[in-house]
1. Filter Lys130/Lys316; Lys101/Lys432; Lys135/Lys291; Lys223/Lys316; Lys130/Lys347 down to the pairs with a C-alpha to C-alpha distance above 30 Å, please.
2. Using only the alpha-carbon atoms, how far is helix 416-430 inclined from the longest principal axis of the chain? Give it as 0 to 90 degrees, nearest 10.
3. What translational D, rounded to a whole number of µm²/s, comes out for segment 154-316 from Stokes-Einstein when the hydrodynamic radius is the Kirkwood one over Cα pairs, at 10 °C and 1.306 mPa s?
4. Applying the Karplus parametrisation 6.51 cos²θ - 1.76 cosθ + 1.60 with θ = phi - 60° to the phi angles of segment 257-268, what ³J(HN,Hα) value in whole Hz is obtained for each residue in order, glycine and proline being reported as x?
5. Find how many whole Å separate the alpha carbon centroid of segment 112-150 from the alpha carbon centroid of segment 178-235.
6. Amide H neighbours of Gly144 under 5 Å, counting only residues 5+ apart in sequence or on other chains, H built in-plane at 1.01 Å?
7. Dipole magnitude of the chain about its Cα centre, charges +1 at Lys/Arg Cβ and -1 at Asp/Glu Cβ only, in debye to the nearest 20?
8. Along the charge dipole of the chain, pointing to its positive end and built from +1/-1 on Cβ of Lys, Arg, Asp and Glu, which listed residue (Val41, Leu28, Val259) has its Cα farthest out?
Amino acid sequence: MALKHEFLMLNPRRRKDPQPEIMLLQHLKNHGQVTQTSDWVSLFNYMSIHTYSAIFISCAAFADEHHTWIKDLRRVHPHQAIILFSAQQDFDTRIANETSKLFGVIRIDDLSASLEAILERLDKYTEFTKSLGSKVSRKLLRPGGFGDFVGNSLPMLDVYRQLTRVATSEYTVLIQGESGSGKELVARTMHQLSERRTKPFVSINCAAIPANLLESELFGFEKGAFTGANQNKAGKFELAHEGTLFLDEIGDMPLELQVKLLRVLEDGKIQPLGSVKEKSVNIRLVTATHKNLPEQISKGLFREDLHYRLNVIPLKLPPLRSRTADLPLLVIFFLEKLLRGEDQTIKRVSWELIETLASMDLLGNVRELENMLTRSVFQSDGPTLLPSSIMQDEMVESIPKPDLDRVVEPNSIRPLWEIEKEALQYTLIQLKGNISQAATQLQISRTAIYRKIKKYDLDFSDNQDQEESKDA
């Protein structure tokens, strides 16, 4: 059952048509009590004497450069959930430097999905906040994320909860997740929360170092151990003594080194190359991989006994496609980095860009998103960041592709209109009837999409009506 909320709402009431704000107010009243104010001073006074479940602030309130108030509010209530709402087709980039202080950004002409989802996250965020016991973990908590993570979607709140529980233990943790999903961030955050946080955090990517050099990198070597070994060198295990050692892409470690790693885990001792003496090491081991280790075991590429040793506490990171609710905060966060200190020609971000990114399967996850936004800012010619500013080759790759065997069947040539109809229908199905995204990705106008839907008698009337109502 949803928690009973108390909301504070700042709305300057400058719009000629206040209907969207009225709808937001009514929706909030269905979930709790709402206090309204029209200026920042009153908002601050209300927050000084009472604690609210969330503060809803209109993007229009930033028109007079009063966003510095948010910094003052954060000092009073560091974990207060602040949610910006907009009735426009875009939102102002001036909120970018407030990412860590925001809980979310919503478009109030699409409340049916966004508000219910954000209130569900708010309930879970509130529960998570209450569960934090240590000062260190509470210091890392922000409404917009945790530690260096950006996002408060339900999957990420689950990750933060697991992190805080396992970080204070000495158990070996195996982090699983796709490339670019933040596996090293998890390891660093665990170290920050652990009793070893004042000791070294040492990281090494097992896939980035040639197999013949990896052993010396891990265990070190003595002078004269091989040609070029002109002095003793400590390995990563020794450097991480009393701290945390993070072995990234452990699934790519050669089998012969897996045996030596297993021995270190069993007796806590390493033997540098060229040395006859062993050294005792005391480390917290955290490993990560994007590979399916049970599958690697079945292929004979990974030792089963080592897997048992490493997989004491498994922690799985969600891919970006499973946490699209975090996209507005991630876009704002990366824009703050990109526009910092630059001549800020980008003034606004269109909601259509967020929707387009949500429909794309970014295999590089957060890392690919950052790269794409960097190119998008570079490509943009106007003050508003639009989907058209995304590199065209990336957009073409993201378009669902029809089965070529169906397009050109053996011994037959099909009419062009039939192929066009099939491609349009397939794209609309994959994009759940979103006309704007289909037009952007197929690189034709929305008018052309409507015309072809009518021409080929495709049944997307409901979606068409919704799109037209948004434009009205």
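The numbers here are math on the coordinates, done by the rules we state, and not lab data. Predicted, not measured: the structure shown is a model, and the values here were computed from it. With ideal geometry, Cβ positions are generated from the backbone for all residues, glycine too; neighbour counts draw on all protein chains shown.
1. Numbers: Lys130/Lys316 23 Å; Lys101/Lys432 33 Å; Lys135/Lys291 35 Å; Lys223/Lys316 41 Å; Lys130/Lys347 37 Å.
Distance filter (> 30 Å) returns Lys101/Lys432; Lys135/Lys291; Lys223/Lys316; Lys130/Lys347.
2. Approximately 70 degrees, to the nearest ten.
3. Details: Rh = 16.3 Å.
Result for D is 97 µm²/s.
4. In residue order, the calculated couplings are 7, 4, 5, 5, 5, 4, 5, 5, 5, 7, 10, x Hz.
5. Rounded to whole Å, the Cα centres lie 32 Å apart.
6. Leu102
7. Numbers: 59 positive and 63 negative charges, 337 e Å.
So the dipole magnitude of the chain works out to roughly 1620 debye.
8. Val41
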